[in-house]
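Quick note: the coordinates plus some simple rules give every number you see, no bench work behind them. From a predicted model like this one, the values you see are computed outputs, not experimental measurements. Positions of Cβ are backbone-derived with ideal geometry, glycine not excepted, and every protein chain shown enters the neighbour counts.
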Amino acid sequence: MSRPQDPRTYDLDALRDRVLPERDGQVSTSIPQLADADPDLCAVAVALPDGTVRSSAQGDVAVSVQSAVKPFLFALALLDTDGEAIERIGIEPTGEAFDAIKLESGTGRPPNPMVNAGALLTAALVEGDGVDERSERILRGLSAFAGTDLVVDDDVATSEHLLGDRNHALAHLMRAEGTLAVGADDAVAVYARACAVMVDARSLAVMGATLAGGGVNPVTGVRVVPATVARDVVSVMATCGVYDGSGRWMRRVGVAAKSSVSGGVVLSARGGLGAAVLSPPLDAQGTSVRGRIASEILADDLGLHVFGGW
Ligand code: GLN
């Protein structure tokens with residue numbers, strides 16, 4: 001392994017140029033807004049512990065956050081329940097797709113917070129009376145992670161709510177098991193709005209850095225969650241964040257990460273560095289193809305693999 005390069009001068013446009021010719025993968029067709037995504041969108045950003053944020057071209061093009069929101073919903077649920085959320089949800093990898101209609105056997109809990117069942121529950125555990133208040137609290141919490149005022153795309157939220165049949169099924173299953181305290185439709189509505197929050201690569205990288213830095217946003221200096229919460233969340237990202245691709249991801253990239261169907265990948269590296277890649281075409285596990293390749297190269301070039309460095 002060659003000497004790690006300095007993230008303050010690392011050429012992010014060169015990395016983007018390297019992965020842009022990659023043609024594998026398909027954009028998600030789960031909702032019309034995702035099916036319309038530009039397959040040639042590609043952006044890479046890093047957020048450093050000193051608060052510097054750097055990006056390639058297209059670093060300010062926003063997409064809906066989708067499942068990259070899940071670590072942050074877990075963090076907000078832990079915060080708002082004083083850590084009690086950890087008892088309400090499993091933390092073991094499933095080896096199954098993100099929207100598998102399956103709960104933990106024996107307990108009826110969602111298997112982990114990085115799959116849809118888990119995120120439906122963590123979103124419901126965030127404080128707030130009803131859909132609007134809870135959604136508002138989530139939006140404020142996510143904005144604190146990003147260090148900027150994020151917005152919801154209402155059309156995406158509506159599509160997610162109307163077309164998310166598997167999410168409705170999961171919410172009803174959790175109601176039947178007694179694990180979901182709020183109404184099934186309300187749970188889907190809140191989760192759908194959380195998935196519809198718009199992020200660009202720069203804000204997503206800052207969100208990753210806030211978790212990587214123990215819960216303090218490196219740009220604003222604001223403590224968003226306690227260090228113990230950040231550590232719990234990053235640990236579960238590392239084991240479950242890329243669903244049934246998590247083992248391969250950890251071997252090859254070695255950085256805790258969360259993928260999403262909009263083509264976003266958020267990374268939280270040891271030492272407080274956050275990074276993000278946005279590029280819509282997905283592999284069979286629902287992970288951005290260019291996102292995976294760019295993450296591998298970035299981790300190699302910057303020496304980020306948690307078990308590497310020799
Ligand atoms: N909103 C999407 C869903 O619930 C998010 C899934 C994902 O990004 N993997 O199906």
* Structure fact -> From the Cα centre of region 188-240 to that of region 118-172, the distance in Å is 14
* Efficiency of FRET between Gln5 and Val306 - r from beta-carbon atoms, R0 25 angstrom, step 0.05 -> 0.90
* Asked: Out of Ala257, Ala43, Ala85, any idea which swings most in a Gaussian network model of the chain, alpha carbons joined below 10 Å?
  -> Ala85
* To do: Output ³J(HN,Hα) for region 19-34: one whole-Hz value per residue in order, computed from phi by the Karplus curve 6.51 cos²θ - 1.76 cosθ + 1.60 with θ = phi - 60°, and x for Gly and Pro.
  => 8, 4, x, 4, 10, 6, x, 10, 6, 4, 10, 5, 9, x, 5, 7
* Asked: Taking the Cα atoms only, what angle lies between the long axis of helix 154-163 and the longest principal axis of the chain, rounded to 10 degrees?
  -> 60
* Order of Ser246, Ser143, Ser279, Ser295 under a 10 Å beta carbon neighbour criterion, fewest first -> Ser143, Ser246, Ser295, Ser279
* Within a Cβ distance under 10 Å of Ser64, other residues only, what is the Lys/Arg minus Asp/Glu net charge? -> -3
* Structure fact -> Given unit charges at Cβ for Lys, Arg (+) and Asp, Glu (-), the dipole magnitude of the chain about its Cα centre in debye, nearest 20, is 960
* By average C-beta atoms within 10 angstrom, highest first, the peptides 51-57, 236-242 -> 236-242, 51-57
* Environment charge of Val236, counting only residues whose C-beta is closer than 12 Å and scoring Lys/Arg +1, Asp/Glu -1 -> +1
* Asked: For region 1-71, what class follows from the C-alpha gyration tensor (a ≥ b ≥ c being the square roots of its eigenvalues): rounded when a/c is under 1.5, otherwise prolate if a/b is larger than b/c, else oblate?
  -> prolate
* Charge-dipole axis of region 12-302 as Lys and Arg at +1 and Asp and Glu at -1 on Cβ define it, positive-most pick from Leu282, Ala187, Pro226 -> Pro226
* **Kirkwood Rh, angstrom, the chain [1 / mean 1/r, Cα pairs]** => 18.7
* Structure fact -> Checked region 182-232 against the a/c 1.5 cut and the a/b vs b/c comparison, axes a ≥ b ≥ c from its Cα gyration tensor; verdict oblate
* Nearest-0.05 FRET efficiency for Lys102 and Arg252, computed from C-beta distance (R0 35 Å) -> 0.85
